[in-house]
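Inspection log for the structure reproduced underneath, given as structure tokens.
The values are calculated or read from the model by the stated rules, or taken from the named source; none is laboratory data. Not measured: the values here are computed from a predicted model. Glycine also receives a Cβ, built like all others from the backbone with ideal geometry; neighbour counts cover every protein chain displayed. Note: areas computed on protein heavy atoms with side chains; ligands, DNA, RNA excluded. Shrake-Rupley method; radii C 1.70, N 1.55, O 1.52, S 1.80 Å.
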Amino acid sequence: SVTDPDMRHGHKSSGKKYSGHKAHLASETTTGIVTAVDVTAPGTADGEQVDSLIKQTEANTGCKVDEALGDCAYSSQRASEKAESVGTALLTRMPGSRKGLFGPDDFNVSKDRTESKCPAGHAPEKVYRNKGAYVHHWAKETCQACPLRDQCVSHGKRRTLTVKPNFHDRRKREKWSRSEEGREKLRQRVVVEHALGRAKNRGAGQSRYFGRAKTRFQWLWTAAAENFLRLFALRGEGTGPQVAVA
């Protein structure tokens, strides 16, 4: 409701807006049991909730969470740091480069981040420091004459590359997420999407109350009801729930 004092406006994508709250869920990958729930303002980054969801999961299951799986929204350095602060390895999908254009992984950057070469083998014209990152600028004349220009420069007349402190770590994570092992591991994350879908099918997608606290309560009892049905189904299958988190 637009009269809800806690309601805020958010974006699911550049072309899809919504008004209300943002729900965050954690789910056990084997059974699909929901282990943690939180509700925040739409503008809150998903990665900000990682440590809270992990702590809730450990408290609710009595199990240590060694690994957590997430989508691209959890791929930030901030999210990784929050997961590490509670002793959990965060494995996520990584955003790819724009289609048809070279991404950061196509550039050869030195370990100290002060030197680089573009995919065509050109060194930058200048490199300067900006808030812990090194910004590499290629000369306009070099980019204009480069045969790979259309794959490298989408706007403007020259290429720049910002190399943050976690640059090489992100390249390793990108390589792993696109490997056969990484893709197979990250497929397990789909269970939380199913859990979200089941909760919304039971009406959790529409808040029945004013205020974020009451909306969170609605998600909690919806998740509890869904967990009861999941446990009943698992007992019928003769498998029983598994509380270890992948």
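Data overview
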| item | result |
| --- | --- |
| Qualifying positions in the range 8-37 - assigned to a loop (DSSP other than H, G, I, E, B), at pLDDT below 80 and not polar (S, T, N, Q) | Gly15 |
| The range 138-179: number of residues that are within 13 Å of Arg113 (Cα to Cα) and either open to solvent by 50 Å² or more (accessible area, probe 1.4 Å) or in a strand (DSSP E or B) (or both) | 7 |
| Condition check for Asn130: open to solvent by 70 Å² or more (accessible area, probe 1.4 Å), free of Cβ contacts under 8 Å to residues at least 12 places away in the same chain and in contact with a strand residue (DSSP E or B) (Cβ under 9 Å, 6 or more places away or on another chain) | no |
| Filtered residue count, the range 144-175, keeping only those that are more than 26 Å from the chain's Cα centre (by Cα) and charged (D, E, K, R) | 5 |
| Leading residue by the ranking (most open to solvent (accessible area, probe 1.4 Å)) among those in the range 79-103 that are without any contact (Cβ under 8 Å) to a residue 24 or more places away in the chain and under 13 Å from Val65 (Cβ atoms) | Glu84 |
| Failed item, numbered, when Thr142 is tested on (1) free of Cβ contacts under 8 Å to residues at least 24 places away in the same chain; (2) touching a Phe, Trp or Tyr at 6+ places or on another chain (Cβ under 9 Å); (3) of a type outside the set (Phe, Trp, Tyr) | (2) |
| Conditions (1) farther than 30 Å from Ser154 by Cβ; (2) open to solvent by 40 Å² or more (accessible area, probe 1.4 Å); (3) touching a Lys or Arg at 6+ places or on another chain (Cβ under 7 Å); number of the one not met by Glu67 | (3) |
| Filter result for the condition that a residue is at pLDDT below 90, among the small types (Gly, Ala, Ser) and more than 29 Å from His137 (Cα to Cα), over Gly236, Gly156 | Gly236 |
| Residues located in the range 36-59, provided they are in contact (Cβ under 8 Å) with a residue 40 or more places away in the chain, among the hydrophobic types (A, V, I, L, M, F, W, C) and surrounded by fewer than 22 Cβ atoms within 10 Å (Cβ to Cβ) | Ala41 |
| Out of Gly32, Gly15, Gly62, sole residue that is over 15 Å from the mean Cα position of the chain (by Cα) and open to solvent by less than 20 Å² (accessible area, probe 1.4 Å) | Gly32 |
